[in-house]
Structure formats: C-alpha cells, structure tokens
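The structure that follows is given in the form of structure tokens.
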C-alpha cells in the first residue's frame, strides 16, 4: 500500500495497471485473480467491466470492480466513499475537494450490491490467498444491501477524481 501522507491521513491502494476489486472477506479465498492457466479468470472478468463500477460473481457473493482508470484508491468512512485519485497537486488538495466533488457529481445509475460484512480493496490481479500486510485496505461494512453509485468529477482545473459511494439500503 502506498502512503501519500503521514500515517492516519489516508491509506491508498495501488494497481499494477488493471482494475481494483472490493471483495467480501467471506469470498476472499474464492477470488483467484490472474491464475495464468490460459482460460478466462477472475482478473479477465474484472477487466471486462467497462464502466466506473461493476459486479462480478465469485462463489456465493459478488465482487465490486472499480473499473476505468487504475487510480490510487482509498475509502473515506465518513462519506461511505471510495475516492480514486486521477489528478491533484497533493493529497491534501484532493481530500479538501471531496465536499465540492460530492456536490458536483453527476452520478451514474446505482448498482445494488449485497455484502455479508467487511470487504477488502486490492489489485484484481492478485488472488485472495496472496493478500498480505500492506497491499490491501480493509473496509468494515455492515452486512446488507448497498446502492453503489459512481461519478467522475473535476471540482477544479487541477483536480480529477472518481467517487464511488455506498449507501446502505433499508432491510426489505
């Protein structure tokens, strides 16, 4: 994991060039990443997502794919928001722009994503059993169904980011 500022400000997850995935902990060992056996694998399916977000089934769960730009990504729990850093002069300026970015966002249609609890954000190329120490970010989600919406936002001429917001849906 790459840290762009002092510990405690934000923890950023990097990609090697492909998408990032958000995998429920209960499905972690079912995510095989790029297994290299020549057939379509989980990584290929993640790369097939052609929008900012998408869902791919893994075992009994769905994995949230953060598609598009392979930008550094963090999660801001106070906004229930994945922030993808496309361009900014500094982490401080990017984080300062979040309120304006949320207000200016033209959100894509929602996806509905059911999760069984905490999830891990990491590079889609890795298998779940390869995830160690600092190459991922754990997000403590409550079990339930979430509306997931995404938007690409440029809150000022020097800042560009993708927002992926989770909104917990009421029990049905």
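Nothing in this text is a laboratory measurement; each read-out follows from the coordinates by a stated rule. These figures come from a predicted structure and were not determined experimentally.
How large is the helix-only mean residue ellipticity at 222 nm for the chain, computed as the sum of -39500 (n - 2.57) over DSSP H runs with n ≥ 4, divided by its residue count, in deg cm²/dmol to the nearest 500? Mind dumping the intermediate values first?
Values: 3 runs with 19 residues, N = 172.
The helix contribution divided over the chain gives -2500 deg cm²/dmol.
Under the 0.36 nm per residue contour assumption, what length would be gained going from the current alpha-carbon distance of residue 154 and residue 26 to full extension? Please list the in-between numbers first.
Numbers: separation 128, 0.36 × 128 = 46.08 nm, distance 3.54 nm.
Answer, rounded to one decimal: 42.5 nm.
When the convex hull of the C-alpha atoms of the range 5-142 is computed, what volume per residue in Å³ does it have?
Working: hull volume 16.4 nm³, N = 138.
About 119 Å³ per residue, rounded to a whole number.
Let me ask another. Consider just the alpha-carbon atoms of the range 74-172 and return their Rg together with their Dmax, both in angstrom.
Just the Cα atoms of the range 74-172 yield Rg and Dmax of 14.6, 44 Å.
Using only alpha carbon pairs under 8 Å that are at least six residues apart, calculate the relative contact order of the range 20-168 and give it in whole percent. Show your work: numbers first, answer last.
Working: 305 pairs, mean separation 44.6, N = 149.
So the answer I get is 30 percent.
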